[in-house]
Structure formats: structure tokens, C-alpha cells
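One structure is given below, represented as C-alpha cells, and several questions about it will come after.
The values are calculated or read from the model by the stated rules, or taken from the named source; none is laboratory data. Treat the numbers as computed from the prediction; the structure is a model and nothing was measured. Please note: Cβ atoms are built from the backbone with ideal geometry, for glycine as well, and neighbour counts cover all protein chains shown. Remember, those area values only see protein heavy atoms, side chains included, never the ligands or the DNA or RNA. Shrake-Rupley method; radii C 1.70, N 1.55, O 1.52, S 1.80 Å.
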Amino acid sequence: MTELGRIVSALTATGLAVETMEDGALVQYGESRVALFTEPDHRGGVLVRLHLDLDLFVEEESLPDILIGMNLMNQGLDYGALILDPVEDDDEDSPADAPVVAFAVLGRAVLWLPDLGAAELDRLNEHLRRFEAEVTQVVERTLHGGKGMNA
């Protein structure tokens, strides 16, 4: 069984809804779906990458303000980080050399598992839970808090 297969089995055994994809898995946490990808690490063990699509998009003109805000938001995150990911333009009528004008805000985390024993798989499960909760809370607090997002 592959590393991803063992991780999916372990997460499913804990009661999580896990759906395998071609190169990873989607883990359902409440309203959120966390994408999980694995790769062998050169030191041994497995690198697990977590991606949480927040459905937030930033236009290029707002980048300076957003980067300052994201830096402040990331200071409160222990289990993940917020990053900007360029959004590809799927419009066939746009010129091929048109610059990227939008970015998606994503939650990301990377966890190294030295092995896939029970203790490490429990640690992954806890990291996954905290990552999803922490990223969701910091974004909601920023967007819906007292001042809201000022960008």
C-alpha cells in the first residue's frame, strides 16, 4: 500500500470523510474540504502538504494592502499559513501574454512524518484538524471582526 493509501485508511478509520483523487485526497471537515498530497522526503519519511481553498480572490491592484494584512494574519497561525496563488485566466479570448491579474488566497501547511506509525498518523490527524480550524477562524475573524478587512 502506498503512503497516501495508508494515510487515507488511517483518516477514514477515525471517522473522517476522505475522497481519493488522482494525486491526493480530499478530507471533509465540516464545511471545509482540505486537499492532502504526499511525497517521499529525501531524509526519509513522508511530506504531507495540506491546501485549504478559501474562495477569496485578490486583484492585482490590491496586492500591497493585502500583503500587509496577510503578514499580520499569518502571525496568528501556528499550524498553517495564508499564501497568494496566481489564478490562471481560462478565457480563450484573452491574449496569451496577458499578465495575471488575480490571486487566490489559500491556507497551506506542510508536515513531515518520519514514519507512518500510529503515533505519527495521530499527529497528522490533529495537525489537520487544527490547521483547518485555525485558518478558518483567522480569516473569519478578519473578515467579520470589528474592523473587517481594510483592503
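Mind putting a number on the dipole of segment 2-71 about its Cα centre? Charges go on the C-beta only, +1 for Lys and Arg and -1 for Asp and Glu, and I need it in Debye to the nearest 20. Don't jump to the answer; show the numbers that get you there.
On the way: 4 positive and 13 negative charges, 120 e Å.
Dipole of segment 2-71, to the nearest 20 debye: 580 debye.
Also, quick follow-up: Between beta-carbons, use under 14 Å as the cut-off and find the net charge around G117, counting Lys and Arg +1, Asp and Glu -1. Display every interim value, and only then the final one.
Numbers: positive: R6, R123; negative: E3, D115, E120, D122.
After counting each charged neighbour, the total is -2.
Let me ask something additional. Taking only Cα atoms and a 10 Å spring cutoff, compute GNM fluctuations for the chain and point out the largest among L54, L82, L63.
Of L54, L82, L63, the most mobile in the Gaussian network model is L63.
Here's another thing I want to ask about it. Return the calculated 222 nm mean residue ellipticity for the chain, to the nearest 500 deg cm²/dmol, obtained by summing -39500 (n - 2.57) across DSSP H runs with n ≥ 4 and dividing by the residue count.
Details: 3 runs with 50 residues, N = 151.
That calculation yields -11000 deg cm²/dmol at 222 nm.
When mean projected area of the Cα convex hull in nm² is calculated directly from the model, which label among (1) 8.6; (2) 9.2; (3) 11.3 fits?
(3)
In nm, to one decimal, how far is the modelled label at E22 from the one at D55, with both set 7 Å along Cα→Cβ?
2.5 nm
Another question about this same structure. Accessible surface of H144 in the full protein assembly, 1.4 angstrom probe, to the nearest 10 Å²?
Surface open to solvent at H144 totals about 150 Å².
Moving on. Connecting C-alpha atoms closer than 10 Å in a GNM of the chain, tell me which of V34, V101, V139 has the biggest fluctuation.
Highest fluctuation among the options: V101.
While we're looking at this one, here's another question. Among G24, G44, G107, which one moves the most in a GNM of the chain with springs linking Cα atoms closer than 10 Å?
Result: G44 has the largest fluctuation of those listed.
For segment 104-131 and segment 1-77, what is the centre-to-centre distance using only Cα atoms, to the nearest Å?
9 Å
Considering only DSSP states other than H, G, I, E and B, which GluC sites (Glu not before Pro) in segment 1-72 qualify as loop sites with at most 11 other Cβ atoms within 10 Å? Walk me through the numbers on the way to the answer.
Numbers: sites: E3, E19, E22, E31, E59, E60, E61; in loops: E22, E31.
Here the GluC sites (Glu not before Pro) that fit, given the DSSP loop and packing criteria, are E22, E31.
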